[in-house]
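The structure under discussion appears below in the form of structure tokens.
The values are calculated or read from the model by the stated rules, or taken from the named source; none is laboratory data. Remember, predicted model here, so these are calculated numbers, not experimental data. Positions of Cβ are generated from backbone atoms using ideal geometry, with glycine treated the same way; all protein chains shown enter the neighbour counts. The accessibility values were calculated without ligands, DNA or RNA, using every heavy atom of the protein model including side chains. Shrake-Rupley method; radii C 1.70, N 1.55, O 1.52, S 1.80 Å.
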Amino acid sequence: MNQLHLVLLLIGAVLLVALYLYGKWQERRTLKRLDASMRAGVGDALLGEAPVRRAASRIEPRLGGEPAGEGAPLENAAAVEETGDLSAPPGAPHADGWSEDPLLDFVLELRCSHAFDGVAALEARAQLDRLALPLPTHLAVWDPKAQHWTAPDRFGFYSEVLASVQMATRREVLSEIEASRFVSAVQQIALAIDADFDPPEMGQLVAQAAELDALCAQFDVQITLTLEAQGGAFENTLLTAAAQEAGFVARRPGLWDRRDDQGRLLLTLTAASLLADRLALSLDVPLAPGDRGSLAALFSAAHLLAARLNARIVDDNGRTVDASALDAIGAELDKLYDEMRAAGIEPGGPRAQRLYAVG
């Protein structure tokens, strides 16, 4: 056997090994796809097993102002069905504490013909993050094995994606440019995971964001009492002690806040001038619990601080505010709370926190 024969035999052996490894890879790939299909609820026809499914399919893409498509996530479907509109609050969180809210969120759902892995899902999340939009974005993936929406995990396999952007807050509203950037990013995600994508009507999306912004502005109310020093600027040590006694916690120089037992912002106390001879004591109406207890806490804190700091309580026009104003303001506040609830926003509730909370 000459050298040429040895080389040919070696090449043949390498080809046989390569073909064997390729066959094993194809077998493993087929089994993985079959397993993903089983986890997605294909079922075993031979055993007569019915597929495990979510509610029926959703209409894509879905704008928050449209009727919910078939098969809206189970935690939202019942609420939408019960109210007949999209003002019902969300249910259980989808991912990282976020749950899809039909009033606040514009959501696109991407469906794949085959499962995609967690690495692709994490890259999709990173694509939304890189947009650096001024409004919150969220991404959740459907875990066919656990049958629920979840945050992406590197080692998971998924069949669907929810990509969401909140349409407005008290400080921001989704513009046409920002909406276009978001939709373009989701389209790129769809291409990367081989998912169907149907572009939404941008004009309708921007118009709905403007409607939410107007609704948010309607209830963006603060009630503020001013504490005016009667003997010169407040002494810092005395001011700090008085604020602590009234239940306030310092957040930064010149700013204190007071929260309720659930961690919701109740009152803020702000030094209204560089000389600290005026303090603004404010009740952020949509963030506080929707009852008169919040207003009572405002007046109680004002009187305590006034007594400790030798200050008088005045309104924006410098007129003295006394206890008789409590009932008059309370009556107006009750009306505002009723209007908020009629619009589907519970004062101090999850929707209000998402719309009005400032980091």
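Overview of results
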read-out	value
Selected residue [in contact (Cβ under 8 Å) with a residue 12 or more places away in the chain, of a type outside the set (Phe, Trp, Tyr) and open to solvent by 50 Å² or more (accessible area, probe 1.4 Å)] from 236, 317	236
Answer residue from segment 202-240, given it is in a strand (DSSP E or B) and of a type in the set (Ser, Thr, Tyr) and is farthest from residue 180 (Cα to Cα) among those	226
Subset of segment 133-173 (residues that are open to solvent by 30 Å² or more (accessible area, probe 1.4 Å), more than 18 Å from residue 109 (Cβ to Cβ) and part of a strand (DSSP E or B))	173
Complete set of residues in segment 261-282 that are within 25 Å of residue 317 (Cβ to Cβ), part of a loop (DSSP other than H, G, I, E, B) and free of Cβ contacts under 8 Å to residues at least 24 places away in the same chain	273, 274
Any hit, segment 238-250, residues being closer than 22 Å to residue 326 by Cβ and touching a Pro at 6+ places or on another chain (Cβ under 8 Å)	no
Candidate set from segment 270-297 (those that are among the aliphatic types (A, V, I, L, M) and touching a helix residue (DSSP H, G or I) at 6+ places or on another chain (Cβ under 6 Å)); member that is nearest to residue 227 (Cα to Cα)	281
Matching residues in segment 100-132 - criterion: being surrounded by fewer than 20 Cβ atoms within 10 Å (Cβ to Cβ) and in a loop (DSSP other than H, G, I, E, B)	132
Any chance residue 178 is among the charged types (D, E, K, R), outside any helix (DSSP H, G or I) and in contact (Cβ under 8 Å) with a residue 40 or more places away in the chain	no
Residues of segment 326-359 classified as among the aliphatic types (A, V, I, L, M), touching a helix residue (DSSP H, G or I) at 6+ places or on another chain (Cβ under 8 Å) and either open to solvent by 20 Å² or more (accessible area, probe 1.4 Å) or free of Cβ contacts under 8 Å to residues at least 12 places away in the same chain (or both), total	3
Subset of segment 174-191 that is exposed (fewer than 15 other Cβ atoms within 10 Å of the Cβ) and aliphatic (A, V, I, L, M) - its residue that is farthest from residue 277 (Cα to Cα)	191
Some residue of segment 253-260 being aliphatic (A, V, I, L, M), more than 30 Å from residue 166 (Cα to Cα), open to solvent by less than 50 Å² (accessible area, probe 1.4 Å) and not in a loop (DSSP other than H, G, I, E, B)	no
Test set (1) within 19 Å of residue 347 (Cα to Cα); (2) open to solvent by 20 Å² or more (accessible area, probe 1.4 Å); (3) touching a strand residue (DSSP E or B) at 6+ places or on another chain (Cβ under 7 Å) - residue 267 fails condition number	(2)
Complete set of residues in segment 239-260 that are of a type in the set (Gly, Ala, Ser) and in contact (Cβ under 8 Å) with a residue 24 or more places away in the chain	241, 242, 243, 246, 247
